[in-house]
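Novice: Take this structure, written in C-alpha cells, and hold onto it; I'll ask about it next.
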Amino acid sequence: MTMPLILIVDDSPTEAHVMQTALQRHGYRTAVAADGAEGIRMAREIRPDLIFMDIVMPGMNGYQATRTLTNDPDTSGIPIVMVTSKGQETDKIWGLRQGAIDYMIKPVSPADLVAKAQSTLAA
C-alpha cells in the first residue's frame, strides 16, 4: 500500500522542513511548494491526499490558493488544512470560508501536525 502524499505549501524553508521531517518520520510521502501559485500547480500535477497551506506568502497567499483549489473540480476533493501564524478568529473564519477543512495556528508541534494528518486522512 502506498502511503498518502501530503503537499506542504509554505514560504519558510525552516517551517516546511520541520513539517516535512515530522510527516516523513511517520511514513508519509511529502512534497513542498514555496508559494500559493506553485502550490496550485503542484496540487494539479501530483494530486496529493492532503495539503497543509500557509497563509502569509509572497505573490498568491494561502487564502487565494485555497479558494482556487476548492473551486477547481480537479482539485476540490483534496482536503486543505491551513497552518499559519494568523491566529485571529476572523482569520480562521475566512480560511474556512475559502474551503479549508481545518485551521492550525503556528507554532504547531510535530505531534499535532502528524495527528491532524492521521485524523484528516482517516476521515
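Novice: Can you give me the number of residues within the stretch 85-123 that are among the polar types (S, T, N, Q), in a helix (DSSP H, G or I) and under 14 Å from Ile55 (Cα atoms)? Please lay out each step first, then the result.
Specialist: Looking only at the stretch 85-123, we keep the residues that are among the polar types (S, T, N, Q), and these are 85, 88, 90, 98, 109, 118-120.
After this cut, where a residue has to be in a helix (DSSP H, G or I) as well, the list is 90, 118-120.
Adding the requirement that they be under 14 Å from Ile55 (Cα atoms) leaves 90.
Looking only at that region, the number is 1.
Novice: All but one of (1) in contact (Cβ under 8 Å) with a residue 60 or more places away in the chain; (2) more than 22 Å from Gln20 (Cβ to Cβ) hold for Gln88, so report the exception by its number.
Specialist: Failing condition for Gln88: (1).
Novice: Among Thr66, Thr75, Thr30, which is under 14 Å from the mean Cα position of the chain (by Cα), hydroxyl-bearing (Ser, Thr, Tyr) and assigned to a strand (DSSP E or B)?
Specialist: Going through Thr66, Thr75, Thr30 in turn, just one is under 14 Å from the mean Cα position of the chain (by Cα), hydroxyl-bearing (Ser, Thr, Tyr) and assigned to a strand (DSSP E or B): Thr30.
Novice: Can you name every residue in the stretch 12-30 that is surrounded by 18 or more Cβ atoms within 10 Å (Cβ to Cβ) and in contact with a helix residue (DSSP H, G or I) (Cβ under 8 Å, 6 or more places away or on another chain)? First the steps, then the outcome.
Specialist: In the first step, residues of the stretch 12-30 are kept if they are surrounded by 18 or more Cβ atoms within 10 Å (Cβ to Cβ); the result is 15-16, 18-20, 22-23, 28, 30.
Result: Val18, Met19, Ala22, Leu23, Tyr28, Thr30.
Novice: A follow-up question, please. List the number of the failed condition for Thr84; all other conditions in (1) in contact with a strand residue (DSSP E or B) (Cβ under 6 Å, 6 or more places away or on another chain); (2) under 15 Å from Ile8 (Cβ atoms); (3) buried (at least 19 other Cβ atoms within 10 Å of the Cβ); (4) not aliphatic (A, V, I, L, M) hold.
Specialist: Condition (1) is where Thr84 drops out.
Novice: Okay, moving on. So which residues in the stretch 91-123 are within 16 Å of Thr21 (Cα to Cα), small (Gly, Ala, Ser) and surrounded by 18 or more Cβ atoms within 10 Å (Cβ to Cβ), if there are any at all?
Specialist: The answer is Ala117, and nothing else.
Novice: Another question about this same structure. I'd like to verify a number: residues in the stretch 34-59 that are closer than 18 Å to Ser85 by Cβ and crowded, with 18+ Cβ neighbours inside 10 Å, how many?
Specialist: Summing the residues that are closer than 18 Å to Ser85 by Cβ and crowded, with 18+ Cβ neighbours inside 10 Å in the stretch 34-59 gives 10.
Novice: Could you check how many residues of the stretch 73-93 are under 19 Å from Asp35 (Cβ atoms) and of a type outside the set (Val, Ile, Thr)? Step through it out loud before you land on a result.
Specialist: Narrowing the stretch 73-93 to residues under 19 Å from Asp35 (Cβ atoms): 75, 78, 80-86, 91.
Next, only the ones that are of a type outside the set (Val, Ile, Thr) stay: 82, 85-86, 91.
Final tally of qualifying residues: 4.
Novice: Return yes or no: is Ile8 assigned to a helix (DSSP H, G or I) and either under 18 Å from Asp102 (Cβ atoms) or in contact with a strand residue (DSSP E or B) (Cβ under 9 Å, 6 or more places away or on another chain) (or both)?
Specialist: It is false that Ile8 is assigned to a helix (DSSP H, G or I) and either under 18 Å from Asp102 (Cβ atoms) or in contact with a strand residue (DSSP E or B) (Cβ under 9 Å, 6 or more places away or on another chain) (or both).
Novice: Another question, if that's okay. With respect to the numbered conditions (1) under 24 Å from Ala123 (Cβ atoms); (2) in contact with a strand residue (DSSP E or B) (Cβ under 9 Å, 6 or more places away or on another chain), which one is the sole condition not fulfilled by Asp35?
Specialist: In the conditions (1) under 24 Å from Ala123 (Cβ atoms); (2) in contact with a strand residue (DSSP E or B) (Cβ under 9 Å, 6 or more places away or on another chain), Asp35 misses (1) alone.
Novice: If you don't mind, there's one more thing I want to ask. Spot the failing condition for Ser76; the list is (1) surrounded by 13 or more Cβ atoms within 10 Å (Cβ to Cβ); (2) in contact with a Leu (Cβ under 9 Å, 6 or more places away or on another chain), and only one is missed.
Specialist: (1)
Novice: All but one of (1) within 23 Å of Thr21 (Cβ to Cβ); (2) over 13 Å from the mean Cα position of the chain (by Cα) hold for Asp49, so report the exception by its number.
Specialist: (2)
Laboratory data are not the source of any read-out in this text; all were calculated from the coordinates shown. In this text the structure is predicted, and so the values were computed from the model without any measurement. Glycine gets a Cβ as well: all are built from the backbone with ideal geometry, and neighbour counts include every protein chain shown.
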